[in-house]
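S.K.: Sharing a structure with you now.
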Amino acid sequence: MLEEGKAKIEVFNGVFYNPYARLSRDIGVSFLNAASEILSRKLNICEPLSATGIRGIRYVLECDRVQKIILNDKSEVAYENILYNIKINNLTKIYEVHNKDAIILLYEHSHKGERFDLIDIDPFGSPMKFIMPAISSIVHKGFLAVTATDTAALCGVAKRAGLRKYLANLEKTEFLHEVGIRALASAIIRIAAINEIALEPIYSHSTRHYMRIYFRVYVSTSKCDSILENIGFLFYCENCLWRGYTKGIIYKDYLICPICNNKNLIIGPIWLDKIVNKEVATLMKKFSNDYSKNLIQKLFDEAEMPPLFYEMDKITSKLKISELSLNFVIEKLRNMGYVACRTHFSNKGIKTNADIITIKNILTK
């Protein structure tokens, strides 16, 4: 018998359960509580890839504003495992459990009166094949939670897979996990836009082996157009570490580094606007627990920061100097009038609106 949060579960032989994803589920519970406050009503939820059912069971036990939840897994043994775990947690009334293909289940709920307030897509690997059926089954101003575990494709390690799955040119850089989140957001937003549905990223994090994004869903062509304006390309110089970005088309002026005239890497398309909404982040702090409060606080601190962080050991290595305390660098930047904070993406990373020349000057002086 395993215990997590307020839930207790058994894991049947052959059914997937990842104990290291507990933090993801903790944050999911916090987000669900925040979402119910945003909508000011009880929620109808669907988790089409449930495995043991642990996430959905915790949703009900740790949020008292769940109207109904549908759990599903196409594996028959997983289906039996979900039913068993619901029973041992004494939960029966608001659950509906299915043994179907996730895509079929989602499309069955794509008509008015059957749609969900929140759909949680948590697959093994890429989530992309589930996005189209999911967005067709969410109410206007509802929520979509998406996990991706194929981080090699999203981080530029497996470039062909990144192009194939996410239609983006991705490179391996020191800020690869943030680029991965932004590439994932961009790909999902573009798929939704085909159906004239706007998805706005409102809470995101990259932890261990996975990336996770929560979207607000809008059935609106005008909102679609404004969201798409925030997708563009990153330009990065591996020589001097300068970076810049443009929304929309590639500007040929950025193909060459403006500082050292080195040829820039072109990365994208990626999402270039905020990946954490400050109002949502404030609510999330209210619902954090001992396991999630540290990460939730970091995400709150990062909410208003510009895209991409600076990895301090990468810069000091280029300058051939000893590493300095991150807190020291952050304090110096703030004293100069810049915004700066640590980032959850890296223990040695800083988010700031200062440019690379300013940071190098601080480090060398």
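No lab work stands behind these numbers, since they all come straight from the coordinates. Worth saying up front: this structure is predicted, and the values here are computed from it rather than measured. Backbone-built Cβ (ideal geometry, glycine too); neighbour counts: all protein chains shown.
S.K.: Beta carbons within 10 angstrom, averaged per residue: use that to sort the peptides 302-312, 24-34, highest first. All intermediate terms of the calculation are to be shown ahead of the outcome.
M.R.: Details: 302-312: 19.7, 24-34: 23.5.
In decreasing order of mean packing, 302-312, 24-34 become 24-34, 302-312.
S.K.: Using just the helices of the chain, give the 222 nm mean residue ellipticity in deg cm²/dmol: DSSP H runs with n ≥ 4 each add -39,500 (n - 2.57), and the total is spread over all residues, rounded to 500. Present the calculation step by step, with values, prior to reporting the outcome.
M.R.: Values: 14 runs with 137 residues, N = 365.
Per the formula, -11000 deg cm²/dmol.
S.K.: Each label point is 7 Å from the Cα along the Cα-to-Cβ direction; what then is the distance between the points at E304 and E238, in nm?
M.R.: 3.7
S.K.: Give the aspartates and glutamates whose C-alpha is closer than 12 Å to that of K6, dropping any in the same chain fewer than 8 places away, or say none.
M.R.: Filter leaves D26, E62.
S.K.: For the Cα atoms of the chain, what angle does the longest principal axis make with the long axis of helix 326-335, in degrees from 0 to 90, nearest 10?
M.R.: 70
S.K.: In degrees from 0 to 90, rounded to the nearest 10, what is the angle of the helix 76-88 Cα long axis to the longest principal axis of the chain?
M.R.: Helix 76-88 and the main axis of the chain meet at about 80 degrees.
S.K.: Run the numbers for D355 and N195: contour at 0.36 nm per residue of separation, minus the present Cα-Cα distance, in nm. Display every interim value, and only then the final one.
M.R.: Numbers: separation 160, 0.36 × 160 = 57.60 nm, distance 3.84 nm.
Length difference between fully extended and current span is 53.8 nm.
S.K.: In whole angstrom, how far apart do the alpha carbon centroids of region 287-365 and region 166-227 sit?
M.R.: 23
S.K.: Based on other C-beta atoms within 10 Å, arrange T147, T207, T364 from fewest to most. It would help to have the intermediate numbers written out before the result.
M.R.: Details: T147 20, T207 16, T364 9.
By the 10 Å Cβ count, ascending: T364, T207, T147.
S.K.: Now for a different question. Picking from C240, A198, H109, whose Cα lies most toward the positive end of the charge dipole for region 2-300 (charges on Cβ: Lys, Arg +1; Asp, Glu -1)?
M.R.: Final value for the positive-end residue is C240.
S.K.: Follow-up question, since we're still on this one. Remind me, relative contact order of region 2-300 in percent, using alpha carbon pairs under 8 angstrom and six or more residues apart? Let's see the in-between values first.
M.R.: Values: 601 pairs, mean separation 42.8, N = 299.
Worked out over region 2-300, it gives 14 percent.
S.K.: Suppose the chain between K286 and K252 were pulled fully straight at 0.36 nm per residue; how much longer would it get relative to their current alpha carbon spacing?
M.R.: Details: separation 34, 0.36 × 34 = 12.24 nm, distance 4.57 nm.
Taking K286 through K252 to full extension adds about 7.7 nm, to one decimal.
S.K.: May I pose another question? Check the cysteines of the chain one by one and keep only those with no other cysteine Cβ under 4.7 Å from their own.
M.R.: C46, C63, C155, C224, C341
S.K.: Relative to the present Cα-Cα distance, how much length would full extension add between V11 and N294 at 0.36 nm per residue of separation?
M.R.: Working: separation 283, 0.36 × 283 = 101.88 nm, distance 2.87 nm.
In short, 99.0 nm is gained.
S.K.: Let me ask something else. Test of understanding: ordering V339, V329, V139, V217 by Cβ neighbours within 10 Å, fewest first, what list do you get? Please report the intermediate quantities before stating the final value.
M.R.: Values: V339 14, V329 21, V139 18, V217 24.
Fewest-to-most Cβ neighbours within 10 Å comes out as V339, V139, V329, V217.
S.K.: Taking the Cα centre of the chain as the origin and placing charges on Cβ (Lys, Arg +1; Asp, Glu -1), which of S288, L363, I121 is farthest toward the positive end of the dipole?
M.R.: L363
S.K.: Treating the beta-carbon of each Lys and Arg as +1 and of each Asp and Glu as -1, no other charges, what is the dipole magnitude of the chain about its Cα centre, to the nearest 20 debye? Mind dumping the intermediate values first?
M.R.: Details: 49 positive and 39 negative charges, 128 e Å.
For the chain, the charge dipole is close to 620 debye.
S.K.: Given the options A34, L265, I138, identify the residue whose Cα lies farthest towards the positive end of the charge dipole of the chain (+1 on Cβ of Lys, Arg; -1 on Cβ of Asp, Glu).
M.R.: Value computed over the given set: L265.
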